[in-house]
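Novice: Sending over a structure as structure tokens; questions will come in a sec.
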Amino acid sequence: MTLRVLVVDDHPLYREGLVTAIATMPGVEVVGSAADGAEAVRESATLGPDVVVMDLHMPGVNGIEATRRIVAEQPGVAVLVLTMLDGDDSVFAAMRAGARGYLLKGADREEIRQALDTVSRGGIVFSSGIASRVLGYFAGGGTSTATVPFPELTEREREILDLVARGLTNTEIASRLVLSPKTVRNHVSNVFTKLQVATRAEAVAHARDAGLGGRRS
């Protein structure tokens, strides 16, 4: 039986190279490719692949949100993440979104082939450097080993991101934290830059994946 694969990555050269590499694997057919998360969701619904190879950091709809939508709409489709992002936030967000595998872009062709086969059969696979963190995640009762979400953010930026995720506007955040609206805008801009997101909705999705903004108050 031929394994049908959809490749998703926003970098044209890498995407084309990955398509070529996967297409040469025995028993595997690349049925399509997509350049962003929204296109991935559409193509997956149209083409019905067995496995979607998913990048995470993409413009518009990111890989986490695309994974969540695909798994929700097509439970029989396996998502295998292939990304340069190796932080705990990305790994555990992908797991929560329903990904069955998480490989780093340094993976060789044989590792990718084995991962495709594993996830298509309902198994779970992770890059060796990530596997220990995943085991720690389950051993800890589903709690990430990271001490705080988004360690790249300052404490103030994390506080503001939490309020953004709760649905507060910049004006409401400024009032609550006794800051000027301009200061809040600057902090929000810094958060967007550090999280590599372009919109408030993307920032909220990342924050909620990491457990922030759990309630509005």
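The values are calculated or read from the model by the stated rules, or taken from the named source; none is laboratory data. These numbers come from a predicted model, not from an experiment. Neighbour counts are summed over all protein chains in view; Cβ atoms, including those assigned to glycine, are modelled from backbone coordinates with ideal geometry. When the accessible area is computed, the model is the full protein with side chains, heavy atoms only, and any ligands, DNA or RNA have been set aside. Shrake-Rupley method; radii C 1.70, N 1.55, O 1.52, S 1.80 Å.
Novice: Please tell me if Val119 is under 19 Å from the mean Cα position of the chain (by Cα), closer than 30 Å to Met1 by Cβ, open to solvent by less than 40 Å² (accessible area, probe 1.4 Å) and at pLDDT below 85.
Specialist: Criteria not met by Val119.
Novice: Pick from segment 49-71 the residues that are part of a loop (DSSP other than H, G, I, E, B) and open to solvent by 40 Å² or more (accessible area, probe 1.4 Å): which of them is nearest to Met95 (Cα to Cα)? Walk me through how you get there before you give the answer.
Specialist: Initial filter on segment 49-71 (part of a loop (DSSP other than H, G, I, E, B)): 49-50, 55-62.
The next check asks that each one be open to solvent by 40 Å² or more (accessible area, probe 1.4 Å); those that pass are 50, 57, 59-60.
Values: Asp50: 18, His57: 15, Pro59: 21, Gly60: 20 Å.
The residue in question is His57.
Novice: Kindly establish whether Ala78 is at pLDDT 95 or above and farther than 15 Å from Ser120 by Cα. Let's see the steps before the verdict.
Specialist: Working: at pLDDT 95 or above: yes; farther than 15 Å from Ser120 by Cα: no.
The answer is no for Ala78.
To keep it simple, each residue is scored yes or no on (1) in a helix (DSSP H, G or I); (2) modelled with pLDDT under 80; (3) out of contact with any strand residue (DSSP E or B) (no Cβ under 6 Å at 6 or more places or on another chain); (4) charged (D, E, K, R).
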| residue | (1), (2), (3), (4) |
| --- | --- |
| Thr145 | no, yes, yes, no |
| Leu153 | no, no, yes, no |
| Arg156 | yes, no, yes, yes |
| Glu159 | yes, no, yes, yes |
| Val164 | yes, no, yes, no |
| Leu168 | no, no, yes, no |
| Thr171 | yes, no, yes, no |
| Ala174 | yes, no, yes, no |
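Novice: Select from segment 148-179 the residues that are open to solvent by less than 50 Å² (accessible area, probe 1.4 Å) and over 17 Å from His206 (Cα atoms) and list them in ascending order. Outline the logic, then answer.
Specialist: Here is the first cut: in segment 148-179, the residues open to solvent by less than 50 Å² (accessible area, probe 1.4 Å) are 149-150, 153, 157-158, 160-168, 170, 173-174, 177, 179.
Listed by number, the residues that qualify are Asn170, Ile173, Ala174, Leu177, Leu179.
Novice: Also, quick follow-up: Under the condition of being open to solvent by 40 Å² or more (accessible area, probe 1.4 Å) and in a loop (DSSP other than H, G, I, E, B), which residue from segment 182-214 is modelled with the lowest pLDDT?
Specialist: Only one residue fits best here, namely Gly214.
Novice: Only residues that are over 14 Å from Val51 (Cα atoms) and loosely packed, with under 13 Cβ neighbours inside 10 Å: list them for segment 18-30, please.
Specialist: Scanning segment 18-30 gives Thr20, Thr24, Pro26.
Novice: Could you list all residues from segment 96-116 that are in contact (Cβ under 8 Å) with a residue 40 or more places away in the chain, open to solvent by less than 20 Å² (accessible area, probe 1.4 Å) and under 17 Å from Val30 (Cα atoms)?
Specialist: Answer for segment 96-116, where residues must be in contact (Cβ under 8 Å) with a residue 40 or more places away in the chain, open to solvent by less than 20 Å² (accessible area, probe 1.4 Å) and under 17 Å from Val30 (Cα atoms): Ile112, Leu116.
Novice: Considering only segment 72-89, how many residues are among the hydrophobic types (A, V, I, L, M, F, W, C), open to solvent by less than 40 Å² (accessible area, probe 1.4 Å) and more than 20 Å from Ala35 (Cβ to Cβ)? Spell out the reasoning first.
Specialist: Just the residues of segment 72-89 that are among the hydrophobic types (A, V, I, L, M, F, W, C), to begin with: 72, 77-82, 84-85.
From what is left, the residues that are open to solvent by less than 40 Å² (accessible area, probe 1.4 Å) are 77-82.
When the remaining residues are screened for being more than 20 Å from Ala35 (Cβ to Cβ), the result is 78.
Total meeting the criteria: 1.
Novice: Also: Which of (1) farther than 16 Å from Pro59 by Cα; (2) open to solvent by 50 Å² or more (accessible area, probe 1.4 Å) does Pro12 not meet, given it meets every other one?
Specialist: (1) is the only condition that Pro12 fails.
Novice: I'm told Ser44 meets every condition in (1) surrounded by fewer than 23 Cβ atoms within 10 Å (Cβ to Cβ); (2) hydroxyl-bearing (Ser, Thr, Tyr); (3) more than 11 Å from the chain's Cα centre (by Cα) except one. Can you identify the failing condition by its number?
Specialist: Just one mismatch for Ser44, condition (1).
Novice: Consider Val79 carefully, then state whether it is of a type outside the set (Ser, Thr, Tyr), closer than 11 Å to Gly98 by Cβ and outside any helix (DSSP H, G or I).
Specialist: Working: of a type outside the set (Ser, Thr, Tyr): yes; closer than 11 Å to Gly98 by Cβ: yes; outside any helix (DSSP H, G or I): yes.
Spelling it out, Val79 is indeed of a type outside the set (Ser, Thr, Tyr), closer than 11 Å to Gly98 by Cβ and outside any helix (DSSP H, G or I).
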